[in-house]
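Q: My structure is below; once you've seen it, I'll send some questions.
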Amino acid sequence: MSKVALVTGAKGGIGSSITQALVDAGFRVVATYYPTGEKAAQEWFAANNYSSESVRLFPLDVTDTNYCQEALATLLQEEGHIDVLVNNAGITKDTTFKRMTAEQWNAVINTNLNSLFNVTQPLFDSMCKKGNARIINITSVNGLKGQFGQANYSAAKAGMIGFTKALAAEGARSGVTVNAVAPGYTGTPMVEAIKPEVLDSIKAEIPMRRLALPQEVAAAVTFLASDAAAYITGETLSVNGGLYMH
Ligand code: CAA
């Protein structure tokens, strides 16, 4: 019986590399996508030649508490168990704090932080009962160091790290590890949206002088999802080319 991993925001950016890496490692992956993106999700599924055994597309608005509770309870019944949860879905609404609207603040906190409650809460009890399970939260270098223009995003990503440590303490006795991966600037549409001159100045600050490959982030996730990582919990693993050492 395959182990089952659920990856939020699986299509696009880092999420699709995580999905691919977990499929390569033998997992069945429940790949969630924002419900309005069904056509794009199906195209992505077809382009990668996934079979319905290896990847199950699953619409999930991670900001909708009731929807998550109902949809994930049904999913659990159908799949029988979830062994690995990767909380990856995230957005940016970058602007200086002076200009930031409540809408920009709330959108980022809801998608990046409140989603951890919405998605993890319906699954956590069954993961504890099952034992030997993994929760991996995709935070960011900017949750560790703070970033100009990202008061909302840095707050949410730092919050994810606190959540990771608290839940690690609760899951430990059941063999449920809870860790975070903190990517640096990674070659994805989210980073490509930064103004070129701003991105150039960011790249100049990275000791490795390049962006991360999404696959390099996915490799860290796959390691934490593996049996070899059973004794690592409450940890934040940086994949940032030396941009921030802590
Ligand atoms: N530190 C200090 N001052 C800075 C600064 C910094 N890091 N960045 C910009 N400034 C200054 C500028 O020099 C400028 O000063 P002057 O007015 O004196 O010239 C002033 O702040 C305004 O800067 P901008 O011209 O850039 O202002 P803007 O309103 O056009 O844009 C912004 C603001 C959208 C926040 C833009 O600066 C920006 O995109 N910054 C990058 C934010 C960023 O790193 N986002 C990461 C996205 S990817 C991601 O989030 C994934 C991940 O996890 C890593």
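Q: Would a scan of segment 94-102 turn up a residue that is more than 14 Å from the ligand (Cβ to nearest atom) and not small (Gly, Ala, Ser)?
A: For segment 94-102, residues more than 14 Å from the ligand (Cβ to nearest atom) and not small (Gly, Ala, Ser): absent.
Q: Do we have residue 241 as in a loop (DSSP other than H, G, I, E, B), in contact with a Lys or Arg (Cβ under 8 Å, 6 or more places away or on another chain) and farther than 29 Å from residue 149 by Cβ here? Before the answer, list the steps.
A: Values: in a loop (DSSP other than H, G, I, E, B): yes; in contact with a Lys or Arg (Cβ under 8 Å, 6 or more places away or on another chain): yes; farther than 29 Å from residue 149 by Cβ: no.
Spelling it out, it is not the case that residue 241 is in a loop (DSSP other than H, G, I, E, B), in contact with a Lys or Arg (Cβ under 8 Å, 6 or more places away or on another chain) and farther than 29 Å from residue 149 by Cβ.
Q: Something else about it: Can you pull out every residue in segment 171-205 that is assigned to a helix (DSSP H, G or I) and free of Cβ contacts under 8 Å to residues at least 24 places away in the same chain?
A: Step one: list which residues in segment 171-205 are assigned to a helix (DSSP H, G or I), which gives 171-174, 189-192, 196-205.
Scanning segment 171-205 gives 173, 191, 192, 196, 197, 198, 199, 200, 201, 202, 203, 204.
Q: Which residues, counting only those in segment 224-241, are open to solvent by 20 Å² or more (accessible area, probe 1.4 Å), out of contact with any helix residue (DSSP H, G or I) (no Cβ under 6 Å at 6 or more places or on another chain) and not acidic (Asp, Glu)?
A: 226, 228, 230, 231, 232, 238, 241
Q: Could you tell me which of the residues 51, 17 is polar (S, T, N, Q) and crowded, with 19+ Cβ neighbours inside 10 Å?
A: Numbers: 51 fails: crowded, with 19+ Cβ neighbours inside 10 Å.
So the residue among 51, 17 that is polar (S, T, N, Q) and crowded, with 19+ Cβ neighbours inside 10 Å is 17.
Q: Let me ask you something else. I need a count of the residues in segment 1-14 that are open to solvent by 50 Å² or more (accessible area, probe 1.4 Å), over 20 Å from residue 215 (Cβ atoms) and not hydroxyl-bearing (Ser, Thr, Tyr).
A: Matching residues across segment 1-14 total 2.
Q: All but one of (1) among the charged types (D, E, K, R); (2) near the ligand (Cβ under 10 Å from one of its atoms); (3) modelled with pLDDT of 95 or more hold for residue 227, so report the exception by its number.
A: (2)
Q: Additional query: Filter segment 52-93 down to residues that are among the aliphatic types (A, V, I, L, M), part of a loop (DSSP other than H, G, I, E, B), under 17 Å from residue 135 (Cα atoms) and away from the ligand (no atom under 16 Å from the Cβ), then give me how many there are.
A: 2
Q: Would you mind stating whether residue 126 is hydroxyl-bearing (Ser, Thr, Tyr), open to solvent by 20 Å² or more (accessible area, probe 1.4 Å), away from the ligand (no atom under 16 Å from the Cβ) and assigned to a helix (DSSP H, G or I)? Steps first, please.
A: Numbers: hydroxyl-bearing (Ser, Thr, Tyr): yes; open to solvent by 20 Å² or more (accessible area, probe 1.4 Å): yes; away from the ligand (no atom under 16 Å from the Cβ): yes; assigned to a helix (DSSP H, G or I): yes.
Considered against the rule, which asks whether it is hydroxyl-bearing (Ser, Thr, Tyr), open to solvent by 20 Å² or more (accessible area, probe 1.4 Å), away from the ligand (no atom under 16 Å from the Cβ) and assigned to a helix (DSSP H, G or I), residue 126 comes out as yes.
Q: Among the residues of segment 158-213, which ones are within 11 Å of the ligand (Cβ to nearest atom), open to solvent by less than 20 Å² (accessible area, probe 1.4 Å) and of a type in the set (Ser, Thr, Tyr)?
A: Result: 186, 188.
Q: Among all residue pairs at least 6 apart or on different chains, which show Cβ distances below 9 Å where the first residue, located in segment 135-149, is closer than 26 Å to residue 229 by Cα and the second is polar (S, T, N, Q) and near the ligand (Cβ under 8 Å from one of its atoms)?
A: Filtered contacts from segment 135-149: 140/147; 140/150; 141/147; 142/150.
Q: Now, a different point. Inspect all residues belonging to segment 57-70 and state whether any of them is over 15 Å from residue 5 (Cα atoms), aliphatic (A, V, I, L, M) and open to solvent by 60 Å² or more (accessible area, probe 1.4 Å).
A: Scanning segment 57-70, I find no residue that is over 15 Å from residue 5 (Cα atoms), aliphatic (A, V, I, L, M) and open to solvent by 60 Å² or more (accessible area, probe 1.4 Å), so the answer is no.
The values are calculated or read from the model by the stated rules, or taken from the named source; none is laboratory data. None of the values given here were measured: they were computed from a predicted structure. No Cβ is skipped: glycine too gets one built from the backbone with ideal geometry, and neighbour counts run over all protein chains shown. Accessible surface areas use protein heavy atoms only, side chains included; no ligands, DNA or RNA. Shrake-Rupley method; radii C 1.70, N 1.55, O 1.52, S 1.80 Å.
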